[in-house]
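First comes the structure, then the notes that go with it.
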Amino acid sequence: MIALCELEAQNIGILVSNQAIEKVMAGVQYSDLITLEKEESGKILALKANTLEMSKMATEISSEMQSIYNQMESDYIRIPLGNFSGNALLSGLGPNVTIRIIPFGTVATKFKSDFISTGINQVRHRIYLEITTQVSIVAPLITKQMPVVNDINVAETVLVGDVPESFYNLEGVKEITADDSLNLW
């Protein structure tokens, strides 16, 4: 029962955050959030975040999610009483127990970014928004608030640098095969 309720709560939270992102972030590009500072030769010196624009977007998304939550009605799940017995033969049998899922608008947003190596001289810079919202589950004998976290990719680009004269894999060797090792006997 709890697993079904949590799944439905998660679906509601993700649906609301995706709707808000779709409305607010339409047409946003990497260059709207990050300015590449370059030298005359075109070599990238720094990445500067447009924090004012990012804060404005996060506020708009939170506000839009609040608005969507305020317009939503409670969702109901009906689970047959036999499912609570734990016996597979009784699963799906008996009268339905109604469980109420109440979406409400406690929303927190946080921009995050990461750099992922995509080659010897390439790095993918990804900016994403972590949205955390609370959804309440109200069932017989249980009331639970569940946080729902949704990471939305906002923008990304591949940064290309110079090809180095030498390269060392800092992540180390993942697996040593017979061809890679010395056979001493």
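The values are calculated or read from the model by the stated rules, or taken from the named source; none is laboratory data. All values reported here derive from a predicted model rather than from experimental measurement. No Cβ is skipped: glycine too gets one built from the backbone with ideal geometry, and neighbour counts run over all protein chains shown.
Quick rundown of the values:
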| quantity | calculated |
| --- | --- |
| Among (1) over 30 Å from residue 151 (Cα atoms); (2) touching a residue at least 40 places away in the same chain (Cβ under 8 Å), the one test that residue 75 misses | (1) |
| Test set (1) surrounded by fewer than 16 Cβ atoms within 10 Å (Cβ to Cβ); (2) at pLDDT 85 or above; (3) of a type in the set (Ser, Thr, Tyr) - residue 62 fails condition number | (1) |
| Residue within segment 6-27 that is among the charged types (D, E, K, R) and either closer than 30 Å to residue 97 by Cα or in contact with a Ser or Thr (Cβ under 9 Å, 6 or more places away or on another chain) (or both) present | yes |
| Residue pairs meeting the criteria (Cβ under 7 Å; at least 6 apart or on separate chains; first surrounded by fewer than 13 Cβ atoms within 10 Å (Cβ to Cβ), in segment 111-132; second not β-branched (Val, Ile, Thr) and not in a strand (DSSP E or B)) | 120/164; 120/167 |
| Residue in segment 101-121 that is nearest to residue 8 (Cα to Cα), counting only those that are modelled with pLDDT of 80 or more and not β-branched (Val, Ile, Thr) | 108 |
| Residue in segment 83-96 that is over 18 Å from the mean Cα position of the chain (by Cα), in a strand (DSSP E or B) and surrounded by 14 or more Cβ atoms within 10 Å (Cβ to Cβ) present | no |
| Residue in segment 19-28 that is acidic (Asp, Glu) and modelled with pLDDT under 85 present | no |
| Enumeration of residues in segment 27-68 that are assigned to a loop (DSSP other than H, G, I, E, B) and within 13 Å of residue 155 (Cβ to Cβ) | 27, 28, 29, 50 |
| Residue under evaluation residue 73, criteria (1) modelled with pLDDT under 85; (2) assigned to a strand (DSSP E or B); (3) exposed (fewer than 12 other Cβ atoms within 10 Å of the Cβ), criterion not met | (2) |
